[in-house]
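The values are calculated or read from the model by the stated rules, or taken from the named source; none is laboratory data. Here the structure is a predicted model, which means the values were calculated and not measured. In this analysis, Cβ positions are derived from the backbone assuming ideal geometry, glycine residues included, and neighbour counts consider all displayed protein chains.
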Amino acid sequence: MRKFTDIKGEESIDVLAEILVPITVIANDEEVKKGFDTNVATCVSIALKKYKEEVLDILAAIDGKEREEMLKDLNLLTLPTVLIEILSEPTVQNLFR
């Protein structure tokens, strides 16, 4: 999975356009916000349960792959790492406050 800092130039505009709506949907959920205040793991758990499709859209856009292709590389060990990395970005954290 690529890091936000690896996405540059015009591609950064395209990726932002793809992830802005699903991130905003998740970030505007009161239960997710409360979970974020508790700890990141709680927030991730709630988001995965309630917003699976949005999470998959975000991951695919960041990875620069179609969803099906991205899912082939995703596993139980990489998923939490990727989600925590995304949620650790200061810009993303600001959406939850």
Any hit, segment 4-17, residues being out of contact with any Gly (no Cβ under 6 Å at 6 or more places or on another chain), outside any helix (DSSP H, G or I) and of a type in the set (Lys, Arg): yes
Subset of segment 23-34 [without any contact (Cβ under 8 Å) to a residue 12 or more places away in the chain and touching a helix residue (DSSP H, G or I) at 6+ places or on another chain (Cβ under 9 Å)]: ASN28, LYS34
All positions within segment 42-72 that are in contact (Cβ under 8 Å) with a residue 24 or more places away in the chain, under 13 Å from MET1 (Cβ atoms) and acidic (Asp, Glu): ASP63
Any hit, segment 55-73, residues being modelled with pLDDT of 90 or more, out of contact with any Leu (no Cβ under 9 Å at 6 or more places or on another chain), small (Gly, Ala, Ser) and loosely packed, with under 11 Cβ neighbours inside 10 Å: no
Matching residues, segment 80-97, being surrounded by 10 or more Cβ atoms within 10 Å (Cβ to Cβ), of a type outside the set (S, T, N, Q), part of a helix (DSSP H, G or I) and at pLDDT 70 or above: PRO80, VAL82, LEU83, ILE84, GLU85, ILE86, LEU87, VAL92
So THR81, is it polar (S, T, N, Q) and over 19 Å from ILE7 (Cα atoms): no
Some residue of segment 20-42 being of a type in the set (Asp, Glu) and over 19 Å from GLN93 (Cβ atoms): no
